[in-house]
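Read through the structure below, which is laid out as structure tokens, and then see the notes.
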Amino acid sequence: LTDSNLGAGALVGVSSVNKDDMEDAAIFCQKNNFYWDGTISSRINLRDFIFEHAGYCLLDFTIIGGKFSLRPSIPVENNQIDISNPVSVLPRIKALFTDGNIKDLKVSFLEPEERQTFRAAVLYRQETANGFPEVKSILVRSRSSSETDPIETFDLSGFCTSLQQAKYFAYYAINLRRLVDHGLTFQTAPQYIEGLAPGDYFRLVSEVTHTNRYRNGAVTPNGKIISRDDLTGTLDVYYWTPGTTTGIQEGQLNTSNVSSAFFGTLFTVKNTTTENKVYKCESISYGEDGLIEVSGSYAPIDTNTGQLSVMQNWDAGGFDVTGG
């Protein structure tokens, strides 16, 4: 990015690179044996290349204030954390948003196929001094998933020469797929994002009544409940009878003794409790009327420890690794 002879210095240059963040990212990678040991043999889109390959090193590629930057994708302490013990650092919450300081909240859920759990087959390159390299592979599976889950292959052999890097990338990718199910955007006033940057964490507390995407289903004409979730007890629901003009109605669905009023209806469970979730800031941009638009992805937190759920079970007890 800064070398005009061998790189893109003529296009980017020293003034457009955040040197401090780059140094911190280098220390993080060195501490955890994350390296990029390969060749670039054809023309590439520079930003796409950095974005893609930063992820293989558990880094986020950001452009903040016009400066290129790499930052660890996980919470770190003094940017030197050894992620063989990744749960030792808690995420630092940089901002709080509520119903009182945001507008135009939009939530987008991932499709079910995008959340399909998988086993990760990761290819990496094993180097031998004064010898020829050999492509090795590992198969990684979360012990909370099924042994029959489909296999997704990640070919890192063009640049990855570290077994540790291959394993940690697989751990992170599997947990992201399993635990992160939605993202959101909203607008807020500039003073409420002071100190917040892409890659930081913020908390959103909302009391807006909304529905949970997966707590819904149908009641057959003979009173049987069909739902993705195991629904029990008496639930406050919105329900609708297809083919009628009565519209959407509200009621209480007793799952153990379904009233005939619900026969042949579609329903979704209401949720009026306060939502209190942590999100990772993905982007900050100008919105309308002088407001700032913030987008974030869900960052589930363990309620007992306060740690990121995607960073848990990274020890030998959380995953099965074969090969290597």
message = What do you get for the angle between helix 163-179 and the principal long axis of the chain? Use alpha-carbon atoms, 0 to 90 degrees, nearest ten.
response = 20 degrees
request  = Would you mind pulling out the separation of the Cα centroids of the stretch 16-35 and the stretch 136-151, in Å?
outcome  = 30 Å
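Output the pairs from LYS31/LYS94; LYS31/LYS136; LYS67/LYS280; LYS136/LYS277; LYS94/LYS167; LYS31/LYS67 with a Cα-Cα distance over 28 Å in this structure; if there are none, say none. Walk me through the intermediate numbers first.
Numbers: LYS31/LYS94 26 Å; LYS31/LYS136 23 Å; LYS67/LYS280 20 Å; LYS136/LYS277 40 Å; LYS94/LYS167 30 Å; LYS31/LYS67 25 Å.
With Cα atoms farther than 28 Å apart: LYS136/LYS277; LYS94/LYS167.
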key: GNM result for the chain, Cα springs below 10 Å: residue of ARG228, ARG178, ARG215 fluctuating most strongly   = ARG228
request  = Please report how far the C-alpha centroid of the stretch 170-189 lies from that of the stretch 278-324, rounded to the nearest whole angstrom.
outcome  = 6 Å
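Take the solvent-accessible surface of the protein heavy atoms, probe 1.4 Å, and return the percent of it on the chain that carbon and sulfur atoms account for.
Values: 8590 of 18070 Å².
After summing per-atom areas, the C and S share lands at 48 percent.
Given a 1.4 angstrom probe, what's the average accessible area per residue across the chain, in square angstrom? Kindly include the intermediate steps, with their values, before the conclusion.
Numbers: 18070 Å² over 324 residues.
Ligands and nucleic acids excluded, the figure is 56 Å² per residue.
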key: Nearest-20 debye value, the chain charge dipole, Cβ charges on Lys, Arg, Asp, Glu   = 420 debye
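The values are calculated or read from the model by the stated rules, or taken from the named source; none is laboratory data. Fair warning: this is a prediction, and the values are worked out from it, not measured in the lab. Backbone-built Cβ (ideal geometry, glycine too); neighbour counts: all protein chains shown. We work out accessible area using only protein heavy atoms, side chains counted, and drop any ligands, DNA or RNA first. Shrake-Rupley method; radii C 1.70, N 1.55, O 1.52, S 1.80 Å.
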